[in-house]
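J.: First the structure, which I've put down as structure tokens, then a few questions once you've had a look.
The values are calculated or read from the model by the stated rules, or taken from the named source; none is laboratory data. Computed from a prediction, not measured in an experiment: that's the story for all the values here. Glycine also receives a Cβ, built like all others from the backbone with ideal geometry; neighbour counts cover every protein chain displayed. Keep in mind that these areas ignore ligands, DNA and RNA; they rest on the heavy atoms of the full protein, side chains included. Shrake-Rupley method; radii C 1.70, N 1.55, O 1.52, S 1.80 Å.
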Amino acid sequence: MDWSINTLPLPEYVELGVHSLSGLLWTLLFLFLWHCYRIGSDLPIPGRAGKLKSSSRRSMISRSGVCMGTKCSARSKLFRSDQITPFISMETAKDEEQGQGYLTPVLSHALFPAQASAEAKKLYAALQEYAKRYSWVGMGRIHKGLREQVRLNDLSTIQKPHLFFLPDVPSVPFFPRDAHRHDIEVLEANYPAILAEFQAVYQRGTDSKSGWTCLGPKSQAMFPLYSAGVCVAENCRSCPSTYRTLLSLRTFINSNSLGSAGFWLLGPGAILGSSYGPTNMRLRCHLGLQTPPSCELVVGGEPQCWSEGHCLLLDDSFLHTISHKGPPESGPRVILSVDLWHPNVAAAERQALDYMFTPDL
């Protein structure tokens, strides 16, 4: 018995024509392109809503299809708010949920604390002016520090800067040389020239006519080269090598009122009582020039002694005392003190702080 393919029962769809198959392929291509478009539209847009949390929420809303009643309305409002809120890269989703982001008060238009001091309000106004001219990027810690100035008294008694406290800055009373290795090596390499220039200006006398500033009894005096961020031109002309050395330092604070440099004298028998420096965003570098025995520096409860030709790097926002308990014939203790930026203060923060603490010329 002969069998033929024509005798087999076939379903009707086998008889599809070329036009129907082409239409099916065009339909699949259209769906594929639509799928790619939807995935692309769900990606975060830089500068508008770059957070994964916001993009995920928009994706959920766009794919939800049909929503009902008040739930749909609430999601629509949430979607609109995500489009309006600016993207602040320095804040995390966790900060937002807790309401403790660095710039949360800026975004929420919260008022500056009324109990803040006049100085803090002045600095806050300067920060706002700087941000309008340049950017808020990198200003998070400074903004947080200004708003929390009213809580400075709540800090531990071991560290309490009386002017400005920059939060989240790791600090210890004494820093290792590696924190500012380049600047320390430059100062120590120029020790002989610096010592010779000090001796020259010291022999002229320590009165105000010679450029010295008396700080108290028992031979406490300073020969300033930079005072509150301003170059003391006459004194720098008397010490050209020391002046050039200061300019060669990478982290010397010479553009705002928190930075100074100069020769410091402390006579025998003098004791400088416990005090705090104005801020924790700087370190003080002491280059020993003349260091008689029985001279001691205690910072944060840690004692150290100066050594001629070598540097000590300290954070004077910690409670500190200075003493010279040597005999009268031992002569004064002499150091070159230079203010350097704290290594944890970023370049953008330094620029803003220079603007906020502009020297009074």
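J.: Which one is most open to solvent (accessible area, probe 1.4 Å), of the residues in segment 126-140 that are outside any helix (DSSP H, G or I) and of a type in the set (Gly, Ala, Ser)?
T.: Only one residue tops the list, namely SER135.
J.: Here are some conditions: (1) surrounded by fewer than 15 Cβ atoms within 10 Å (Cβ to Cβ); (2) more than 19 Å from ALA193 (Cα to Cα). SER248 meets all but one. Which one does it not meet?
T.: (2)
J.: Take the conditions basic (Lys, Arg), in contact (Cβ under 8 Å) with a residue 40 or more places away in the chain and either open to solvent by 10 Å² or more (accessible area, probe 1.4 Å) or farther than 20 Å from ASP183 by Cα (or both) and apply them to ARG350. Does it pass?
T.: Considered against the rule, which asks whether it is basic (Lys, Arg), in contact (Cβ under 8 Å) with a residue 40 or more places away in the chain and either open to solvent by 10 Å² or more (accessible area, probe 1.4 Å) or farther than 20 Å from ASP183 by Cα (or both), ARG350 comes out as no.
J.: Going residue by residue through segment 296-311, is there one that turns out to be touching a strand residue (DSSP E or B) at 6+ places or on another chain (Cβ under 6 Å), hydrophobic (A, V, I, L, M, F, W, C) and under 24 Å from CYS231 (Cα atoms)?
T.: Yes: segment 296-311 contains one or more residues that are touching a strand residue (DSSP E or B) at 6+ places or on another chain (Cβ under 6 Å), hydrophobic (A, V, I, L, M, F, W, C) and under 24 Å from CYS231 (Cα atoms).
J.: While we're looking at this one, here's another question. Restricting to segment 298-308, count the residues that are open to solvent by 10 Å² or more (accessible area, probe 1.4 Å) and either farther than 15 Å from LEU266 by Cβ or within 23 Å of the chain's Cα centre (by Cα) (or both).
T.: 5
J.: How many residues, within segment 162-185, are over 29 Å from GLY309 (Cα atoms) and touching a strand residue (DSSP E or B) at 6+ places or on another chain (Cβ under 6 Å)?
T.: Residues in segment 162-185 being over 29 Å from GLY309 (Cα atoms) and touching a strand residue (DSSP E or B) at 6+ places or on another chain (Cβ under 6 Å): 2 in total.
J.: For PRO167, which of the numbered conditions (1) open to solvent by 30 Å² or more (accessible area, probe 1.4 Å); (2) free of Cβ contacts under 8 Å to residues at least 40 places away in the same chain; (3) touching a Gly at 6+ places or on another chain (Cβ under 8 Å) fails to hold?
T.: Of (1) open to solvent by 30 Å² or more (accessible area, probe 1.4 Å); (2) free of Cβ contacts under 8 Å to residues at least 40 places away in the same chain; (3) touching a Gly at 6+ places or on another chain (Cβ under 8 Å), only one is false for PRO167: (1).
J.: So the check is Cβ under 6 Å with 6+ separation or different chains; which pairs have a first residue in segment 226-255 that's modelled with pLDDT of 95 or more and a second one that's surrounded by fewer than 14 Cβ atoms within 10 Å (Cβ to Cβ) and in a helix (DSSP H, G or I)?
T.: The qualifying pairs are ARG250/HIS182.
J.: Among the residues of segment 136-145, how many are touching a residue at least 24 places away in the same chain (Cβ under 8 Å) and small (Gly, Ala, Ser)?
T.: Selection size over segment 136-145: 2.
J.: Would you say ASN235 is touching a Leu at 6+ places or on another chain (Cβ under 7 Å), under 25 Å from ALA189 (Cα atoms), open to solvent by less than 60 Å² (accessible area, probe 1.4 Å) and not in a strand (DSSP E or B)?
T.: Details: touching a Leu at 6+ places or on another chain (Cβ under 7 Å): yes; under 25 Å from ALA189 (Cα atoms): yes; open to solvent by less than 60 Å² (accessible area, probe 1.4 Å): yes; not in a strand (DSSP E or B): yes.
It is true that ASN235 is touching a Leu at 6+ places or on another chain (Cβ under 7 Å), under 25 Å from ALA189 (Cα atoms), open to solvent by less than 60 Å² (accessible area, probe 1.4 Å) and not in a strand (DSSP E or B).
Residue by residue, here is whether (1) farther than 22 Å from SER248 by Cβ; (2) open to solvent by 10 Å² or more (accessible area, probe 1.4 Å); (3) of a type in the set (Phe, Trp, Tyr) holds:
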residue	(1), (2), (3)
HIS310	no, yes, no
PHE318	yes, yes, yes
GLY331	yes, yes, no
HIS342	no, no, no
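J.: What's the total number of residues in segment 198-232 that are open to solvent by 80 Å² or more (accessible area, probe 1.4 Å) and of a type in the set (A, V, I, L, M)?
T.: Here is the first cut: in segment 198-232, the ones open to solvent by 80 Å² or more (accessible area, probe 1.4 Å) are 202-204, 208-209, 214-215, 217-218.
After this cut, where a residue has to be of a type in the set (A, V, I, L, M) as well, the list is 215.
The total comes to 1.
J.: Which residue, of GLY269, GLY259, GLY273, is in contact (Cβ under 8 Å) with a residue 12 or more places away in the chain, open to solvent by 10 Å² or more (accessible area, probe 1.4 Å) and touching a Lys or Arg at 6+ places or on another chain (Cβ under 8 Å)?
T.: The unique qualifying residue is GLY269.
J.: Now for a separate question. Hey, does segment 195-214 have a residue that's in a strand (DSSP E or B), without any contact (Cβ under 8 Å) to a residue 24 or more places away in the chain and not hydrophobic (A, V, I, L, M, F, W, C)?
T.: Yes, segment 195-214 has at least one match.
J.: Within segment 276-297, track down each residue that is within 27 Å of ASN190 (Cα to Cα) and open to solvent by 40 Å² or more (accessible area, probe 1.4 Å).
T.: ARG284, GLN290, PRO293, SER294, GLU296
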